[in-house]
Amino acid sequence: MHRLLIAAALLFFAQAASAAEDGCGTDAATIIAQAYPTAKKTSETEFAIDGATILLPDAEEVFDERHTIVCRVWPSYPERLLVAVPLITEESELLTVGDLELLVLDASSLKVQQRLRLKERIIDDAIRTKAITFDTARYQLAPGQIAFGVRLAKEGSSRVNPFEEVSLSLYVIDGGQLKPVLDGIAVTSNGGEWDGNCAGTFDRTTRTLAMGKTGRSGYADIVVTEKASSSTTAVGGKGECGERSHKTNATSRRVVYDGKRYSVPEAMKPL
């Protein structure tokens, strides 16, 4: 259990540091005004458009930016700025629903070059969005074709059945259009069940992606390395809560592009 809590804390602070390092900064309002000309500014950190709400980062609430816009310069193409815009259409204490629109901007003028709207990509209920971040590792699909990733971190609300998951989707600019090539693969999954005091069982799965050889479709295969581990916690003879880690299993398999998408096995898909 201690390991699970530490991992969660490290993930949280890493995401906070990432947001501070490569956020939209003072350009956030300008980006939204140019990308959504009919949007109305309703406050310093909020726009409204066609029944949806767009939230800007708030310097005074850095620990609650789950649904704010996110920006990052694309290192492979530094003249381009990547922007993720949650468009929240429904929000209550029990349910939040919204689309997620991805924008590729000219980094200098902030004008939109490509955009892709993902319908109802945000659905928060018992499991809610924790963070949306860009993954700009060099996903070289083919010569001159580099994809970028979007990571969606989610967490459960149950204390005795903890759950965390990070999914990764990949997108590429092809023929002047922004297109999805990998709809989602769970790269981190933590879960378990415990009594709220000490005794419990916990599982963790991590997956890393590496580009393989070029496949028949012209795009490189993706080699996915998976590591699965588990642990149990129990009260010992001296009344202390102890943890026992079990054997880690590692496997590797290829995910192949079928001409339209990378075919992700069901077992690797996010919840």
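The values are calculated or read from the model by the stated rules, or taken from the named source; none is laboratory data. Worth saying up front: this structure is predicted, and the values here are computed from it rather than measured. Cβ placement follows ideal geometry from the backbone for every residue including glycine, while neighbour counts extend to all protein chains displayed.
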Single residue of S157, S169 found to be under 29 Å from A84 (Cα atoms), without any contact (Cβ under 8 Å) to a residue 60 or more places away in the chain, crowded, with 18+ Cβ neighbours inside 10 Å and in contact with a strand residue (DSSP E or B) (Cβ under 9 Å, 6 or more places away or on another chain): S169
So T233, is it assigned to a strand (DSSP E or B), under 30 Å from L105 (Cα atoms) and among the polar types (S, T, N, Q): no
Members of the stretch 19-54 found to be assigned to a loop (DSSP other than H, G, I, E, B), modelled with pLDDT of 95 or more and loosely packed, with under 14 Cβ neighbours inside 10 Å, listed by number: P37, T38, D50, G51
Positions within the stretch 239-271 being surrounded by 15 or more Cβ atoms within 10 Å (Cβ to Cβ), out of contact with any Ser or Thr (no Cβ under 9 Å at 6 or more places or on another chain) and either in a strand (DSSP E or B) or of a type in the set (G, A, S) (or both), in sequence order: Y262
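One line per residue, one yes/no per condition, for (1) modelled with pLDDT of 95 or more; (2) surrounded by fewer than 20 Cβ atoms within 10 Å (Cβ to Cβ); (3) farther than 21 Å from W74 by Cα; (4) not aliphatic (A, V, I, L, M):
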{"residue": "D174", "(1), (2), (3), (4)": "yes, yes, no, yes"}
{"residue": "Q177", "(1), (2), (3), (4)": "yes, yes, no, yes"}
{"residue": "G184", "(1), (2), (3), (4)": "yes, yes, no, yes"}
{"residue": "N190", "(1), (2), (3), (4)": "yes, no, yes, yes"}
{"residue": "K213", "(1), (2), (3), (4)": "yes, yes, yes, yes"}
{"residue": "Y219", "(1), (2), (3), (4)": "yes, no, no, yes"}
Pair list, Cβ under 8 Å, 6 or more apart: the stretch 221-238 residue exposed (fewer than 13 other Cβ atoms within 10 Å of the Cβ), other residue of a type in the set (D, E): none
Test: residue in the stretch 175-185 that is aliphatic (A, V, I, L, M) and free of Cβ contacts under 8 Å to residues at least 40 places away in the same chain: no
